[in-house]
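Single-structure report; data block below.
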Amino acid sequence: MQTVFDRVLGGKAGLVKIAIMALVLFVLLPGCLDIFRLNLVGKYLTYAFVALGLVWLWGKGGVLSLGQGVFFGLGGYCMAMFLKLEASDPITTKIQSTPGIPDFMDWNQITHLPAFWVPFKSLPFSLIAVVIVPAAVAFILGVAMFKRRVGGVYFAVITQAIALILSLGIDGNQGYTGGRNGITDLRTLLGWDIRSKHAQYVLYFTTCALLLLAILVSQWLLSGKMGKMLLAMRDREDRVRFSGYDVSAFKVFTFCLAAALSGIGGALFVLQVGFISPSLVGIVPSIEMVIFAAVGGKSSLYGAIYGTLLVNTGKSLFSETFPQLWLFLMGGLFIAVVVLFPNGLAGIWTVICKKGGPLLKRLKTEQPLDPSPISTPITKGQNS
Amino acid sequence: MSSNTNFLLAIEDLTVSFDGFKAVDSLNLYIDKNELRVIIGPNGAGKTTVLDMVCGKTRPTEGSIKFKDRELVGMAEHKIVQAGVGRKFQTPSIYENLTVFENLEVSYPKGRTVFGCLAFERSEEVISRIQKVAQEIFLDGYLEVEGAFLSHGQKQWLEIGMLLMQEPELIMLDEPVAGMSSSEREQTAELLKRICKGRSIIIIEHDMEFVSRIAHKVTVLHLGKILAEGTMQEVQNNPSVIDVYLGH
């Protein structure tokens, strides 16, 4: 019988993985980086939620979505709406022609708060919306597409179109959404200044904790029958259908789960970065997020996080020095990973473990002439 | 149009046309409870298409398929399975990346909804049932082996086992002994005779020696229509069957 320990942590091997990740996120990075850099890492980790969702949807569910930015954005906007309303109290905004509404509404001659903004005055509602709104949108899209057995390239193209539609929709309705600038100038959460150093530390650790929790919950779900069902569906979808399962329901579930995770990531992004804009919702970020997952290894939960960190660190370093070249490098990286390492970093790590294990044993017994092969496991350091 | 009957499966006036070509043409077929029926016929006779329509994979153009007086035409595939119809495909369809045990576990008819699946526990009942079925299909020594490593014949058995897990009242098998050695064929014949107690089975098969060993009744299809129906002996002596299928 599988114990809870085995299912949640994935046995001893899983315990090692989660311990390494916790060490990196909670000790190593905060110890080495100043708060500016740590805040950047915190921002990357919010993308890791999307990558984690893609592991579920793409790696485990076999369905590639090129529009996960939609759900990241929806979660982010839900959080930003609450923060914006808190930042727009009548006293701070008394110079506006209509005090008490967000500034961009005032600029667009809107004189009262639109109805769909009103519930976002409540924090509990907003926090629930962060998860429920993306999941509900995914549910509607998922039912519409999976019930009709839309999949593969068609699904990817449609999700991409939705990302474009949403980013244009936000862009074009400045009075209601803040338009291209997005929702900016977010300051406090229930009076707590989210821009302070202290808050940035707290938010960073909250992000890490939630990310680890998401991994553990995912492991628990995947270690049970759900994991086997998804594997069976990737193997032979027809056989699953003719074993009495509604295959589309399982795909809708993974899509909703991926969307909910992305939404949480979006909300944490807003809290740490202090704004959200349509440029984080559209096609480009959606595809970037797929690259994070692909580099990490599309079916590895841990890989998704290391992949996200690695690609984003690379992005920051290279785009500072060669801003023009970065996009080409990113594209090249994606092609290289897909062609050479279809299982990404996680796949490389597995190969190292398989080859390195016996190699190390041999080295211990045989007294090596050339000790260089020992250095192989150190490549792991790159992952973080 | 269609009447209620005492048959387990009553197919009436079943027609399907693909771009004007009638693959199955006003077919009437009745299967009794506890019956083992074999359908034979030359390639393109519409045998597989009939099974496809019963299990919901293909939609008939006309006609009705009643299972226990319940109309199957228009039902979703998984609902038809849940109603008690199991189907084995021509090429063995098993999950290559799951072990034999997991293949059977996934076929166990509990936890079929998303949330049921999340709450599913591998209980003693499930384990003992899997062991029982594995024994039946000669794979009790292979429970931890991944599907991909089974021989062709074992894959065929595993798929039959996956159907047995679902406890269907009607099992449809498309060429279950294709690619099997003669000893495997013998074992399969025994298996089929054992499992048809308490349920009905429809089998599509080409191997006449195998058919004569298992069939209660044989239906010969030709160009989407029934050419002959009866015991193996009757069918074998039917001149038109000899003409189009068996040969002189």
*Out of the residues in the range B:27-62 that are within 14 Å of chain A (Cβ to nearest Cβ) and among the polar types (S, T, N, Q), which is surrounded by the most Cβ atoms within 10 Å (Cβ to Cβ)?*
B:T48
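How many of the residues in the range B:47-62 are in contact with a strand residue (DSSP E or B) (Cβ under 7 Å, 6 or more places away or on another chain) and in a helix (DSSP H, G or I)?
Let us first name the residues in the range B:47-62 that are in contact with a strand residue (DSSP E or B) (Cβ under 7 Å, 6 or more places away or on another chain), namely B:47-51, B:53-55, B:58, B:60-62.
Add one more test, that the residue is in a helix (DSSP H, G or I), and what stays is B:47-51, B:53-54.
Matching residues across the range B:47-62 total 7.
Let's see how each residue does on (1) out of contact with any Asp or Glu (no Cβ under 7 Å at 6 or more places or on another chain); (2) more than 19 Å from A:A304 (Cβ to Cβ); (3) of a type outside the set (F, W, Y):
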position	(1), (2), (3)
A:N39	yes, yes, yes
A:L57	yes, no, yes
A:G62	yes, no, yes
A:L83	yes, yes, yes
A:K94	yes, yes, yes
A:F116	yes, yes, no
*asked:* For A:K251, only one of the following conditions fails: (1) crowded, with 24+ Cβ neighbours inside 10 Å; (2) farther than 23 Å from A:P342 by Cα. What is its number?
replied: (2)
_Looking at the structure I just gave you, is B:K22 out of contact with any Pro (no Cβ under 8 Å at 6 or more places or on another chain), closer than 27 Å to A:G244 by Cα and of a type in the set (K, R)?_
no
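So that you can scan it fast, the table gives a plain yes or no per residue for (1) over 18 Å from A:L268 (Cα atoms); (2) without any contact (Cβ under 8 Å) to a residue 24 or more places away in the chain; (3) among the small types (G, A, S); (4) in contact with a Leu (Cβ under 9 Å, 6 or more places away or on another chain):
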residue: A:V16; (1), (2), (3), (4): yes, yes, no, no
residue: A:A19; (1), (2), (3), (4): yes, yes, yes, no
residue: A:F36; (1), (2), (3), (4): no, yes, no, no
residue: A:C78; (1), (2), (3), (4): no, no, no, yes
residue: A:L85; (1), (2), (3), (4): no, no, no, yes
residue: A:D89; (1), (2), (3), (4): yes, yes, no, no
residue: A:D103; (1), (2), (3), (4): yes, no, no, no
residue: A:Q109; (1), (2), (3), (4): yes, no, no, no
*For residues that are in contact (Cβ under 8 Å) with a residue 24 or more places away in the chain and either of a type in the set (V, I, T) or crowded, with 20+ Cβ neighbours inside 10 Å (or both), tally how many sit in the range B:64-83.*
6
*asked:* Any residue at all in the range A:175-196 that's at positive phi, of a type in the set (D, E, K, R), surrounded by 14 or more Cβ atoms within 10 Å (Cβ to Cβ) and at pLDDT below 95?
replied: yes
_Hits in the range A:62-101 (condition: of a type in the set (G, A, S) and surrounded by fewer than 20 Cβ atoms within 10 Å (Cβ to Cβ))_ = A:G62, A:A87, A:S97, A:G100
*Please enumerate the residues belonging to the range A:148-159 that are free of Cβ contacts under 8 Å to residues at least 12 places away in the same chain and outside any helix (DSSP H, G or I).*
A:R148, A:V150
*Limited to the range A:214-265, what total is found for residues that are out of contact with any strand residue (DSSP E or B) (no Cβ under 8 Å at 6 or more places or on another chain) and facing chain B (nearest Cβ under 7 Å)?*
20
*Hey, can you tell me all the residues within the range B:63-108 that are in a loop (DSSP other than H, G, I, E, B), within 13 Å of chain A (Cβ to nearest Cβ) and within 26 Å of B:L29 (Cβ to Cβ)?*
B:M75, B:A76, B:G84, B:F89, B:Q90, B:T91, B:P92, B:S93
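Any chance the range A:249-261 includes a residue that's of a type in the set (K, R) and either closer than 22 Å to B:N97 by Cβ or modelled with pLDDT of 90 or more (or both)?
Going residue by residue through the range A:249-261, those that are of a type in the set (K, R) are A:251.
In the following step, the residues that additionally are either closer than 22 Å to B:N97 by Cβ or modelled with pLDDT of 90 or more (or both) were identified as A:251.
Among the residues of the range A:249-261, at least one is of a type in the set (K, R) and either closer than 22 Å to B:N97 by Cβ or modelled with pLDDT of 90 or more (or both), which makes the answer yes.
Could you say whether any residue in the range B:133-144 is free of Cβ contacts under 8 Å to residues at least 12 places away in the same chain and facing chain A (nearest Cβ under 9 Å)?
Here is the first cut: in the range B:133-144, the residues free of Cβ contacts under 8 Å to residues at least 12 places away in the same chain are B:135, B:140-141.
Those left that are additionally facing chain A (nearest Cβ under 9 Å): none.
Scanning the range B:133-144 turns up no residue that is free of Cβ contacts under 8 Å to residues at least 12 places away in the same chain and facing chain A (nearest Cβ under 9 Å).
Each row is one residue, and each column tells you yes or no for (1) out of contact with any helix residue (DSSP H, G or I) (no Cβ under 9 Å at 6 or more places or on another chain); (2) at pLDDT 90 or above; (3) closer than 27 Å to A:L257 by Cα.
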residue	(1), (2), (3)
A:I95	yes, no, no
A:P102	no, yes, no
A:L113	no, yes, no
A:F120	no, yes, yes
A:A136	no, yes, yes
A:G142	no, yes, yes
A:G152	yes, no, yes
A:F155	no, yes, yes
A:T159	no, yes, yes
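Just checking, which of A:S300, A:S279, A:S316 is more than 28 Å from A:G142 (Cβ to Cβ) and in contact (Cβ under 8 Å) with a residue 40 or more places away in the chain? Write out each step before concluding.
Details: A:S300 fails: more than 28 Å from A:G142 (Cβ to Cβ); A:S279 fails: more than 28 Å from A:G142 (Cβ to Cβ).
Just one listed residue meets the conditions, A:S316.
The values are calculated or read from the model by the stated rules, or taken from the named source; none is laboratory data. Quick caveat: nothing in here was measured; it's all calculated off a predicted structure. Note that we place each Cβ from the backbone using ideal geometry, even for glycine, and neighbour counts take in every protein chain shown.
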